[in-house]
Amino acid sequence: MPTFSDKPTLLGTKTLLRPVRPEQDLPMLRVMLDDPDVLRYTSDSWTPEPPEWTEEMEQRLVDWYTTRNDQPDRLDLIVVDRATDRGVGEIVLNEWSEPNRSCNLRIALGPDGRDRGLGTEAVRLLTDHALRTLGLNRVSLSVYAFNPRARRAYEKAGFKLEGIRRQVLRHGDRWIDDIDMAALAEHWNQHEA
Ligand SMILES: CC(C)(COP(=O)(O)OP(=O)(O)OC[C@H]1O[C@@H](n2cnc3c(N)ncnc32)[C@H](O)[C@@H]1OP(=O)(O)O)[C@@H](O)C(=O)NCCC(=O)NCCS
């Protein structure tokens, strides 16, 4: 059975998920990680002004993405828009628990990749890989309550609501809840059928 050490290419109708190619993907990833929506919806703390890009941050970014294909306990893939053959973001399985056969999923698409169904398909493809090909039992994720687009995409992909953790994020003068969702193997097989 394949493991997290195997870095597959997964083919959908609108998207293709493939391993990171640092030289090709870094310019896109830099733009994506600096995008206001990505900063707002994927950071675990919020500041009104994003931190200024430093050489140290650049080095960390390069180190991070040049080592993604060597990781035995997580799977980082680039989301490619098949219409243009260009990378538009990343999707990741992490927080793997071998005894519980579970992991977490996260995704971020840059502005060029959003609102055309690519995110929903990418989540469905990678969750299918986790539950059917890797034999995991559970894939979970969390989404801030002020991100209805992501929540809708996860629902369309087959994730179910599990609960709400209240007031997890301070955003300006507001508290934002975090919504927990998951896909389970037993339901996934019915959903896909
Ligand atoms: C979240 C994300 C992966 C979704 O991917 P996407 O390709 O943009 O989304 P899709 O086009 O597949 O689906 C979005 C759905 O949400 C709906 N939607 C969009 N904005 C919405 C809003 N404000 N309220 C409710 N639904 C909304 C769309 O209509 C669509 O549903 P439909 O097909 O039933 O009409 C992508 O937008 C993204 O990376 N955003 C920035 C980072 C982020 O939020 N990451 C997730 C953190 S949990």
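No lab work stands behind these numbers, since they all come straight from the coordinates. Everything quoted here is computed from the prediction, not taken from an experiment.
Would you mind getting the Kirkwood hydrodynamic radius of the chain from its Cα pairs, rounded to one decimal in Å? Don't skip to the end; give the middle numbers.
Details: mean 1/r = 0.0579 Å⁻¹.
Computed over the chain, the radius equals 17.3 Å.
Using only DSSP helix segments of four residues or longer, with each worth -39500 (n - 2.57), what per-residue ellipticity at 222 nm results for the chain after dividing by its residue count and rounding to 500?
Numbers: 6 runs with 60 residues, N = 193.
One gets -9000 deg cm²/dmol as the mean residue ellipticity at 222 nm.
Taking the chain as a Gaussian network of alpha-carbon nodes connected by springs under 10 Å, the highest mean-square fluctuation of the residues Arg82, Arg124, Arg151 belongs to Arg82.
Under 8 Å for C-alpha pairs, at least 6 residues apart: give me the relative contact order for region 10-192, rounded to a whole percent. Don't jump to the answer; show the numbers that get you there.
Values: 301 pairs, mean separation 38.4, N = 183.
RCO, region 10-192: 21 percent.
Close amide H partners of Trp96, meaning residues 5 or more places away or on another chain with modelled amide H under 5 Å apart, are Asn104.
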